[in-house]
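Colleague: Let me begin by handing over the structure; questions about it come next.
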Amino acid sequence: MNALEIRDLTKHYGDFSLDHLNLTLPQGCIMGLVGENGAGKSTTIKLILNVISRDGGTVTLLGKDNREELKLTKQDIGVVLDEVGISACLTARQLGKIMKDIYRNWDQAAFDGFLTRLAVPRDKKFKEFSRGMKMKLGIAAALSHHAKLLILDEATSGLDPVVRDEVMDIFSEFTRDENHSILISSHIVSDLEKICDYIAFLHKGKLLLCEEKDRMKEEYGVLHCTTQEADAIPADAVIGRKVSAYGCELLVKRDRVPGNPSFSPVDIEQLFIIMAKEEN
Amino acid sequence: MKGLLRKDFYLLWNYCRLFIILVLGFLVLSAFAGSGDNAFLVYYPCILGSAMSINLLAYDEAEHWCAYCDTLPVTRRQFVTGKYLMSLICAGIVFLLSAAASAFRLSLNGGFDGADFVDQLAVLATISPLPAALCLPLMFKYGTQKGRIAFFVVIGVFCASTVFLDVPELTGVSLPMILLPLMSLAIFAASWLLSVRFYQKREI
């Protein structure tokens, strides 16, 4: 069973359209949703959670249509939003009590464990937290009810590198269970590159690419060559190029380049930027 | 639902303490309001009591709790119902305290009259749920910033009406007074259904 299946999902706002989005997140995997501001990442997440109405398409969450008994399905989903959304006057201890009354499977011991591990104070008000601390409390809450699917909207932004690394470890641990999956959107592509099995590029409401990360790395490569050598490479092999005084840097589809040149591994961020620019 | 109410009680305690003190202050003043020319003092605590859920909703929206709630296993109908329940609880408590203050005031003003007291209760019970009933649907439809305008209108109308609403003259009103609170509750129920409908369609 797939944790998430999106088919032809469409949503039109004034001058923005999410255009027939198709995504599949298999169970046990992590998918990174990459895109610039306004690309449609948050809209996609809202549509997945059926918070906003769609104009077309279907969303299947943990095997069920997201319009049917979503309240029950949400018992198995943990979500962390960009703004977190916890009331400013609440403490972590109070949040635990509230969540205990909301989630059937709320695990107070697990919540306490995450608070300790992430060094989140129990009796400090949310409004007194730093942004990173707020995010950590949101993550602790999302992980403490035995969710099968985590949906994270820019959940790592605002965290310092050390904490971000720690949080990434927690996400990786979460998906050791083959029934657990994560959909994570982020601007910080290096984070996604570290933990994701699948990467989806979203640009201006259109899906540019959705592929297994390893396959993406096998499929695309960077070729350093002279301008004359670059001109000899078939146009359909070249995704993008950067010319400098020292030569040419080509982003290419490896199997379309003749001969057996030596490729440098592709950088996901670079790939996204070039694909987005090409699209523009 | 229990979790939502628990959260609202935490918020009430943290954000609305000044409100609570204000209500208590008005209740004390209304208990000593004299012969009853001060309809404003007598009925205003009920308006404040009912307004607490309006405040809670405003905080929820400003702190992005509404959006967060959409990610939890809570339906929008439950979210709206939670706010109406909070409104009933707050209005109910203020109603009981106002009733006690009214009984005290009537005893103080030369003897307790049962009919007078029942009339007072009927008016208090009528007023208590109305501010929330009138404002919440607009807040759920247009957001709390725009919805608050409705609250100021309610306050304005209330203040203006206290000029005409003379407390002791209620004695002997021929209309069965019990109908007024029932009508008010019917408006409250209709308001709840409308809010559920509005909020289910709203895109946050």
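The values are calculated or read from the model by the stated rules, or taken from the named source; none is laboratory data. Note that this is a predicted model, so its numbers are computed, not measured. Glycine also receives a Cβ, built like all others from the backbone with ideal geometry; neighbour counts cover every protein chain displayed.
Colleague: Mind counting the residues in segment B:176-202 that are assigned to a loop (DSSP other than H, G, I, E, B) and either more than 30 Å from residue A:45 (Cβ to Cβ) or out of contact with any helix residue (DSSP H, G or I) (no Cβ under 8 Å at 6 or more places or on another chain) (or both)?
Modeller: Qualifying residue count, segment B:176-202: 3.
Colleague: Can you find a residue that is closer than 21 Å to residue A:196 by Cβ, out of contact with any Lys or Arg (no Cβ under 6 Å at 6 or more places or on another chain), assigned by TED's automatic domain parsing to the domain that holds residue A:113 and in a helix (DSSP H, G or I) anywhere in segment A:143-160?
Modeller: No, that holds for no residue.
Colleague: Please list, ordered by first then second residue, the pairs with beta carbon atoms under 6 Å, 6 or more apart or interchain, first in segment A:221-242 and more than 12 Å from residue A:254 (Cβ to Cβ), second among the aliphatic types (A, V, I, L, M) and in a helix (DSSP H, G or I).
Modeller: Between residues of segment A:221-242 that are more than 12 Å from residue A:254 (Cβ to Cβ) and residues that are among the aliphatic types (A, V, I, L, M) and in a helix (DSSP H, G or I), the close pairs are A:240/A:274.
Colleague: Same structure again: Mind listing just one residue for me: the one in segment A:73-90 that is at the interface with chain B (Cβ under 7 Å from one of its Cβ atoms) and in a helix (DSSP H, G or I) and, of those, farthest from the chain's Cα centre (by Cα)?
Modeller: Within segment A:73-90, the match that is farthest from the chain's Cα centre (by Cα) is A:75.
Yes or no, residue by residue, for (1) surrounded by fewer than 21 Cβ atoms within 10 Å (Cβ to Cβ); (2) within 11 Å of another protein chain (Cβ to nearest Cβ); (3) β-branched (Val, Ile, Thr):
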site	(1), (2), (3)
A:92	no, no, no
A:97	yes, yes, no
A:104	yes, yes, no
A:113	yes, no, no
A:121	yes, no, no
A:138	no, yes, no
A:141	no, yes, no
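Colleague: Sticking with this one: Looking at A:66, A:2 in this structure, which one is within 19 Å of the chain's Cα centre (by Cα) and among the polar types (S, T, N, Q)?
Modeller: Checking each option against the conditions leaves just A:2.
Colleague: Do you know which residues across segment A:29-53 are of a type outside the set (Ser, Thr, Tyr) and within 20 Å of residue B:74 (Cα to Cα)? Before you say what the answer is, go through the steps one by one.
Modeller: First, pick out the residues of segment A:29-53 that are of a type outside the set (Ser, Thr, Tyr): A:29-41, A:45-52.
Matches in segment A:29-53: A:45, A:46, A:47, A:48, A:49, A:50, A:51, A:52.
Colleague: Among the numbered criteria (1) in contact (Cβ under 8 Å) with a residue 60 or more places away in the chain; (2) surrounded by fewer than 17 Cβ atoms within 10 Å (Cβ to Cβ); (3) of a type outside the set (Lys, Arg), which one does residue A:185 miss?
Modeller: The single condition residue A:185 does not satisfy is (2).
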